[in-house]
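The values are calculated or read from the model by the stated rules, or taken from the named source; none is laboratory data. The model shown is predicted, which means the values in this text are computed figures rather than measured ones. Cβ placement follows ideal geometry from the backbone for every residue including glycine, while neighbour counts extend to all protein chains displayed. Calculation scope for accessible area: heavy atoms of the full protein, side chains included, ligands and nucleic acids excluded. Shrake-Rupley method; radii C 1.70, N 1.55, O 1.52, S 1.80 Å.
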Amino acid sequence: QVQLLESGGGLVQAGGSLRLSCAASGLTFNNYGLGWFRQAPGKEREFVALVNWRGGDTYYADSVKGRFTISRDNAENTVYLKMNRLKPEDTAVYYCAADSSYARLRGGRADYWGQGTQVTVSS
């Protein structure tokens, strides 16, 4: 019933930008913190960014701080990840996640996960 659908991934050259979107359905959107995670081949899933239920508090991994921006539109049940100045090391499958606990999300736990969208950054 709960579904998170990512979109916006693709192939981009280093230094370029992409915006990922995650549309949620089947949950009370305003009750959930939302996060983005990524996983490169052969590596563990990595925290990228999160935003609290109101959208006023955000947190980023050091590796993306200053380059990525997370935001949410509660009226549209959508969370976004704007990625600027992309680097080859940003290449990964990006996943959207939702959890009622901000702290739990930061720790890599979530009630719900999307299926992911591929981001490939060429050098």
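Points to keep in mind about this one:
- Failed item, numbered, when ALA24 is tested on (1) surrounded by fewer than 18 Cβ atoms within 10 Å (Cβ to Cβ); (2) over 12 Å from the mean Cα position of the chain (by Cα); (3) touching a residue at least 60 places away in the same chain (Cβ under 8 Å): (1)
- Some residue of region 89-100 being loosely packed, with under 15 Cβ neighbours inside 10 Å, among the hydroxyl-bearing types (Ser, Thr, Tyr) and either out of contact with any helix residue (DSSP H, G or I) (no Cβ under 6 Å at 6 or more places or on another chain) or part of a loop (DSSP other than H, G, I, E, B) (or both): yes
- Condition check for ALA24: aliphatic (A, V, I, L, M), farther than 13 Å from VAL119 by Cβ, at pLDDT below 95 and outside any strand (DSSP E or B): no
- Residue ID - surrounded by the most Cβ atoms within 10 Å (Cβ to Cβ), chosen from residues in region 33-52 that are without any contact (Cβ under 8 Å) to a residue 60 or more places away in the chain and either among the small types (Gly, Ala, Ser) or not in a strand (DSSP E or B) (or both): ALA49
- Residue match in region 53-64 (condition: free of Cβ contacts under 8 Å to residues at least 24 places away in the same chain, open to solvent by less than 60 Å² (accessible area, probe 1.4 Å) and farther than 30 Å from GLN1 by Cβ): yes
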